[in-house]
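**Student:** Here you go, one structure.
The values are calculated or read from the model by the stated rules, or taken from the named source; none is laboratory data. Values in this document were obtained by computation on a predicted structure and should not be read as measured data. Heads up, the Cβs are rebuilt from the backbone with ideal geometry, glycines too, and the neighbour counts pull from every protein chain shown.
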Amino acid sequence: MKFENSLSFARGLDKRDPLRKFRSEFHLPKIKGKTALYFTGNSLGLEPKSTRKFVNQELDDWANFAVEGHFHSRRPWLYYHKLSKKALAGLVGAKPSEVVAMNQLTLNLHLMLTSFYQPSQQRFKIIAEAGAFSSDQYVFESQIKLHQLNPEAALIELRPREGEYTLRTEDILSAIQEHAEQVALVIFGGLQYYSGQLFDIKKITAAAHQAGAFAGFDLAHAIGNVPLTLHRDEVDFAVWCSYKYLNSGPGSVAGAFVHERHATNSNLPRLAGWWGHLEKDRFKMKKGFVPMPGVDGWQLSNFPILSGAAHLASLRLFEKAGMGSLRKKSMLLTGYLDFLLCAMDPDQHHFTIITPQNPNERGCQLSLLMKKNGRKVFDKITKSGVIADWREPDVIRVAPVPLYNTFEEVFRFAEIFEKALV
Ligand SMILES: *Cc1c(COP(=O)(O)O)cnc(C)c1O
């Protein structure tokens, strides 16, 4: 599409947006009584108006049924983890038996590495992107140490080439090949939280498998942002959180995927809990853990109903909107932001967009590397009613979310941002 730098053009796009009605399904944050320009759905998604109803229903059922709510509430708590399977499977491109909502993201990453990182004398390396989210780095480091290994030797972190900001797929693949004899696990953020780069999950997975390693992905910034096809791509495992693009509320229940070929793989060690035990025998409270087949067998604890209710409310909206339509709008919306930003600073005096230019290699987020006065610019736009995200040392992340952001907001943001530059 040929974009134009005008308010009327932006409004025209909003008028023709088939998803425009979804905005009214959300509470929009205010600054000094005015609706903020919210571009931080990559950090904490907005609250759907329906969330309160879903959570209140559980509070009512708890009040009315107490322990009997496990069986008699309108969504019996005993089986609650099953209610989100279909929607999650749709979001990550999996079978319902391959996905489950459980725990928190970092814990799920530990659970998956406990199973899928089993270093041997020859094969002990983890390959990951350099500058992974801190929590992920701590997981890798501590898991390596649990096996009495040295992270300096066991963790291979891939960096972009000199003068570049994102990794080239060819370089990732050749690094995997280079370490083929020694690599045990390849793990990447599906979409890099800092740069906004969407990795080629299929090719990375194939290369990992060819090298004889497992492939896992942290989808914190990918789920609900870009369409995924984990089953078809043969990914071994993946994890995510639900409070970013999935709008399920701060600290809400996270999730995990394990490919069905590992459904009954008894070679995988794991940390076990009663919710992962065979459902029909769970309440026999007997000695001897027998996992449920599939990812359900990795569950530890009984399900967090209140955050799970918020999760369901939000997942319904995703089912209604459809990831295909969301992606279509997202490419336009972020494309428009990209267009406006490039037009205001064509020689990149003030900033460089480090997120890939190719829409197929990014989600909705653009990361702007500020060349001067970054923090000042950020403070100015904040004062003007923009909620964006500052990342040390010099990056502003902006994420127009197709479920609730508009083209007009993107236009207004660009106006404010341009003024803040001078
Ligand atoms: C947001 C995020 C986390 C946060 O972890 P929690 O366990 O949910 O606190 C971890 N890793 C990545 C890549 C993230 O984007």
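**Student:** Please determine, by comparing only the residues of segment 36-54 that are in contact (Cβ under 8 Å) with a residue 12 or more places away in the chain and outside any loop (DSSP other than H, G, I, E, B), which one is farthest from PHE318 (Cα to Cα).
**Tutor:** LEU37
**Student:** So ILE31 ticks every box in (1) at pLDDT 95 or above; (2) surrounded by 13 or more Cβ atoms within 10 Å (Cβ to Cβ); (3) outside the structural domain of SER314 (by TED's automatic domain parsing) but one. Which box is left unticked?
**Tutor:** Of the numbered conditions (1) at pLDDT 95 or above; (2) surrounded by 13 or more Cβ atoms within 10 Å (Cβ to Cβ); (3) outside the structural domain of SER314 (by TED's automatic domain parsing), the odd one out for ILE31 is (1).
**Student:** Taking THR205 as meeting all but one of (1) touching a strand residue (DSSP E or B) at 6+ places or on another chain (Cβ under 6 Å); (2) farther than 22 Å from ARG161 by Cα; (3) assigned to a helix (DSSP H, G or I), write down the number of the exception.
**Tutor:** (2) is the only condition that THR205 fails.
**Student:** Examine segment 19-26 for a residue that is hydroxyl-bearing (Ser, Thr, Tyr), within 25 Å of the chain's Cα centre (by Cα) and not assigned by TED's automatic domain parsing to the domain that holds LEU368, and state whether such a residue exists.
**Tutor:** no
**Student:** Right, here's the next one. Might you let me know whether segment 112-125 holds any residue that is over 25 Å from GLY363 (Cβ atoms), touching a residue at least 12 places away in the same chain (Cβ under 8 Å) and within 16 Å of the ligand (Cβ to nearest atom)?
**Tutor:** For segment 112-125, residues over 25 Å from GLY363 (Cβ atoms), touching a residue at least 12 places away in the same chain (Cβ under 8 Å) and within 16 Å of the ligand (Cβ to nearest atom): present.
**Student:** Would you check if SER97 is more than 16 Å from the ligand (Cβ to nearest atom) and assigned to a helix (DSSP H, G or I)?
**Tutor:** yes
**Student:** Moving on. Which condition breaks for SER142 when tested against (1) farther than 19 Å from ILE354 by Cβ; (2) more than 16 Å from the ligand (Cβ to nearest atom)?
**Tutor:** So the condition that SER142 fails would be (2).
**Student:** Now for a different question. Regarding ASN64, is this residue over 29 Å from the mean Cα position of the chain (by Cα) and polar (S, T, N, Q)?
**Tutor:** So ASN64 fits the description; yes.
**Student:** Another question, then. Within segment 402-412, which residues are within 24 Å of the chain's Cα centre (by Cα) and of a type outside the set (S, T, N, Q)?
**Tutor:** PRO402, LEU403, TYR404, PHE407, GLU409, VAL410
**Student:** Among the numbered criteria (1) surrounded by fewer than 17 Cβ atoms within 10 Å (Cβ to Cβ); (2) within 16 Å of the ligand (Cβ to nearest atom), which one does LEU105 miss?
**Tutor:** (1)
**Student:** Next up: Inspect segment 60-83 for any residue being part of a loop (DSSP other than H, G, I, E, B), modelled with pLDDT of 95 or more, over 18 Å from PRO304 (Cβ atoms) and touching a Phe, Trp or Tyr at 6+ places or on another chain (Cβ under 9 Å) and give the result as yes or no.
**Tutor:** No, because not a single residue in segment 60-83 is part of a loop (DSSP other than H, G, I, E, B), modelled with pLDDT of 95 or more, over 18 Å from PRO304 (Cβ atoms) and touching a Phe, Trp or Tyr at 6+ places or on another chain (Cβ under 9 Å).
**Student:** Looking only at residues in segment 249-268 that are in contact with a helix residue (DSSP H, G or I) (Cβ under 8 Å, 6 or more places away or on another chain) and within 16 Å of the ligand (Cβ to nearest atom), which one is farthest from ALA310 (Cα to Cα)?
**Tutor:** Checking each candidate, the answer is PHE257.
**Student:** While we're here: Before we move on, is ARG161 in a loop (DSSP other than H, G, I, E, B) and loosely packed, with under 13 Cβ neighbours inside 10 Å?
**Tutor:** Yes.
**Student:** Test of understanding: among GLU129, GLU181, GLU162, which residue is within 16 Å of the ligand (Cβ to nearest atom), of a type outside the set (Lys, Arg) and out of contact with any helix residue (DSSP H, G or I) (no Cβ under 6 Å at 6 or more places or on another chain)?
**Tutor:** GLU129
**Student:** Also, I was wondering about something else. Residues LYS320, LYS284: which one is over 22 Å from GLY69 (Cβ atoms) and either out of contact with any Lys or Arg (no Cβ under 8 Å at 6 or more places or on another chain) or not assigned by TED's automatic domain parsing to the domain that holds HIS110 (or both)?
**Tutor:** Selected residue: LYS320, the only one of LYS320, LYS284 that is over 22 Å from GLY69 (Cβ atoms) and either out of contact with any Lys or Arg (no Cβ under 8 Å at 6 or more places or on another chain) or not assigned by TED's automatic domain parsing to the domain that holds HIS110 (or both).
**Student:** Could I ask something else about it? Could you say which residue among LEU368, LEU333 is of a type outside the set (Asp, Glu) and under 19 Å from TYR193 (Cβ atoms)?
**Tutor:** Being of a type outside the set (Asp, Glu) and under 19 Å from TYR193 (Cβ atoms) holds for just one of LEU368, LEU333, which is LEU368.
**Student:** Further question on the same structure: Only one of LEU271, LEU230, LEU246 is over 22 Å from SER115 (Cβ atoms), modelled with pLDDT of 95 or more and either in contact with a helix residue (DSSP H, G or I) (Cβ under 7 Å, 6 or more places away or on another chain) or assigned by TED's automatic domain parsing to the domain that holds PRO400 (or both); which?
**Tutor:** Result: LEU246 is the single residue among LEU271, LEU230, LEU246 that is over 22 Å from SER115 (Cβ atoms), modelled with pLDDT of 95 or more and either in contact with a helix residue (DSSP H, G or I) (Cβ under 7 Å, 6 or more places away or on another chain) or assigned by TED's automatic domain parsing to the domain that holds PRO400 (or both).
**Student:** For segment 274-289, name all the residues that are at pLDDT 95 or above and either touching a helix residue (DSSP H, G or I) at 6+ places or on another chain (Cβ under 7 Å) or crowded, with 16+ Cβ neighbours inside 10 Å (or both).
**Tutor:** Across segment 274-289, the qualifying residues are TRP274, TRP275, GLY276, HIS277.
**Student:** Any idea how many residues of segment 219-243 are more than 14 Å from LEU44 (Cα to Cα), more than 10 Å from the ligand (Cβ to nearest atom) and either surrounded by 24 or more Cβ atoms within 10 Å (Cβ to Cβ) or among the hydrophobic types (A, V, I, L, M, F, W, C) (or both)?
**Tutor:** 7
**Student:** Collect the residues in segment 349-408 that are surrounded by fewer than 17 Cβ atoms within 10 Å (Cβ to Cβ), in contact with a Phe, Trp or Tyr (Cβ under 8 Å, 6 or more places away or on another chain) and part of a loop (DSSP other than H, G, I, E, B), keeping them in residue-number order.
**Tutor:** Selection gives LYS371 alone.
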